[in-house]
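Down below is the structure, laid out as structure tokens.
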Amino acid sequence: MKGICILGATGSIGVSTLDVAARHPNRYRVVALTANNNIDLLYDQCIVHRPGYVVVVDEDKAKQFAERIATSPVSDIKVLSGAESLQQVATLDSVDSVMAAIVGAAGLLPTLAAAKAGKTVLLANKEALVMSGDIFMKAVSESGAHLLPIDSEHNAIFQCMPADYCAGQEAKEARRILLTASGGPFRTKPVEELVDVTPDQAVAHPNWDMGRKISVDSATMMNKGLELIEACLLFNMSPDKIQVVIHPQSVIHSMVDYVDGTVLAQMGNPDMRIPIAHAMAWPERFDSGAAPLNIFDVKHMDFEQPDLQRFPCLRLAIEAVEAGGIMPAVLNAANEIAVAAFLDEKVRFTDIPFIIERSMCQFEADPADTLDIVLAADSKAREVAERIVEELKH
Ligand code: NDP
Ligand code: MG
């Protein structure tokens with residue numbers, strides 16, 4: 001029986017993780033759940049899954065939540081608040097696995113704490129890895145933590161690696177990774193119309209049902225850029241060995257091209273419970289609840305080169321990873337600010353790459369040797385990007 005802590009339990013990945021965990025009550029016990037402020041959903045989750053601990057980051061919401069729990073049938077749950085408590089629950093002795101499913105940079109410190117404590121880290125929160133890069137991978141190798149990718153592409157690549165492969169190792173026989181991308185909702189939209197797209201149009205992903213931030217990232221293809229950086233780190237490969245492939249049907253979730261000419265692909269329905277269940281059951285397998293792939297529904301599979309003119313965010317991510325140092329953290333921070341401003345209707349969709357590029361121009365790719373350096377770059381890049389948002393608003 002393993003104890004699991006779900007960071008970001010109330011999000012899209014968190015909900016799917018609880019669905020998988022509930023299918024395997026003899027394998028997983030829910031030790032801790034965390035949310036930022038969605039206490040209504042968190043309450044329902046507590047009634048069903050009865051964790052020992054919850055964290056509500058927002059202090060006021062945490063107070064309200066504690067009052068509600070005190071008079072509930074699950075009054076023995078310990079309610080904590082504040083961002084520091086995330087690290088506390090991610091490193092509890094009774095926790096074996098940590099699902100890192102907070103969105104954005106807010107997930108970095110608890111995910112890193114879990115890695116340092118030698119927990120099995122189920123990594124959905126790609127922004128944490130993109131920001132901290134080698135620091136994170138070093139923490140994993142020093143503590144002996146298992147790092148299992150949840151992002152569907154990286155989970156697919158992991159599944160196509162040799163059976164004894166561990167994240168961070170060099171896979172010598174693998175000569176290339178083919179990182180698939182759906183191309184998002186605007187793959188075929190005339191480029192001149194992108195300036196007018198609304199947040200609702202941008203979050204309407206054709207194949208996947210996800211949180212709002214990652215859905216916008218998919219529409220700009222920044223998601224694929226972040227994933228390219230994530231793949232370089234997880235699979236110890238240089239960016240020139242990772243080819244982004246547009247595959248609109250999202251049936252193949254990525255491929256590994258081996259030196260003998262073999263290409264291994266992982267396929268399945270676009271249901272995040274599949275990579276979640278893979279990582280939770282690893283090195284075994286168990287039921288995910290996802291429908292089996294009906295191969296006869298797959299009429300054909302298309303593969304295209306990505307268009308970097310249409311998707312400048314992908315180009316910026318490639319530039320950031322090639323520059324190295326703090327640049328991926330700068331890219332990520334500027335993107336988080338730009339996407340939030342777009343979702344708040346302060347800037348246009350096409351302003352997103354503009355804000356990121358102008359922010360990146362303000363930085364040199366200084367070495368990212370310590371966490372303090374990374375956090376300082378993150379906060380400075382947020383300030384720079386916020387200023388650009390303010391200029392664009394007027
Ligand atoms: P959601 O927006 O659906 O959920 C985000 C979760 O993080 C919620 O539980 C939210 O709490 C919590 N949260 C938000 N801000 C903070 C904060 N400042 N401090 C603490 N907790 C916070 O996101 P997704 O589930 O879609 O994505 C989560 C991560 O997984 C992202 O990094 C994404 O890139 C990655 N991922 C997601 C995929 C998907 O299919 N959704 C696929 C591959 C990767 P609350 O609900 O209270 O706001
Ligand atoms: Mg993905």
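Say we look at the stretch 124-144 and pick out the residues that are free of Cβ contacts under 8 Å to residues at least 40 places away in the same chain and among the hydrophobic types (A, V, I, L, M, F, W, C); which of these is surrounded by the most Cβ atoms within 10 Å (Cβ to Cβ)?
Step by step, filter the stretch 124-144, then rank; the result is A128.
Say whether the condition of being closer than 28 Å to D209 by Cβ and within 12 Å of ligand 1 (Cβ to nearest atom) is met by at least one residue in the stretch 19-27.
No, the conditions are met nowhere in the stretch 19-27.
Do you know which of the residues in the stretch 60-82 that are of a type in the set (G, A, S) and surrounded by 15 or more Cβ atoms within 10 Å (Cβ to Cβ) is farthest from G11 (Cα to Cα)?
The selected residue is A66.
Taking helices (runs of 4 or more DSSP H) that fall entirely within the stretch 248-366, which contain at least 3 residues that are at pLDDT below 95?
Counting at least 3 such residues, we get no helices (runs of 4 or more DSSP H) at all.
Pairs under 7 Å by beta carbon, first residue within 30 Å of V191 (Cα to Cα) in the stretch 349-370, partner of a type in the set (S, T, N, Q), six or more apart or different chains?
Every condition considered, the pairs that remain are I352/T220; P353/T220; I356/N335.
Of the conditions (1) closer than 30 Å to D351 by Cα; (2) at pLDDT below 95, K172 satisfies every one except a single condition; which number is it?
(1)
With respect to K224, determine if the residue is crowded, with 19+ Cβ neighbours inside 10 Å, in the same structural domain as P353 (by the TED database) and among the basic types (K, R).
In short, yes.
What do you reckon, is V57 more than 8 Å from ligand 1 (Cβ to nearest atom) and either surrounded by 22 or more Cβ atoms within 10 Å (Cβ to Cβ) or aliphatic (A, V, I, L, M) (or both)?
no
Against the conditions (1) within 11 Å of ligand 1 (Cβ to nearest atom); (2) assigned to a loop (DSSP other than H, G, I, E, B); (3) in contact (Cβ under 8 Å) with a residue 40 or more places away in the chain, where does H205 fall short? Just the number, please.
(3)
Which residues, counting only those in the stretch 108-123, are touching a strand residue (DSSP E or B) at 6+ places or on another chain (Cβ under 8 Å) and surrounded by fewer than 24 Cβ atoms within 10 Å (Cβ to Cβ)?
T120
Tell me yes or no: at least one residue of the stretch 208-219 is under 22 Å from the mean Cα position of the chain (by Cα), under 26 Å from S141 (Cα atoms), outside the structural domain of A101 (by the TED database) and assigned to a helix (DSSP H, G or I).
The answer is no, given that none of the residues of the stretch 208-219 is under 22 Å from the mean Cα position of the chain (by Cα), under 26 Å from S141 (Cα atoms), outside the structural domain of A101 (by the TED database) and assigned to a helix (DSSP H, G or I).
The values are calculated or read from the model by the stated rules, or taken from the named source; none is laboratory data. Just so it is clear, the model here is predicted, and its values are computed rather than measured. Positions of Cβ are backbone-derived with ideal geometry, glycine not excepted, and every protein chain shown enters the neighbour counts.
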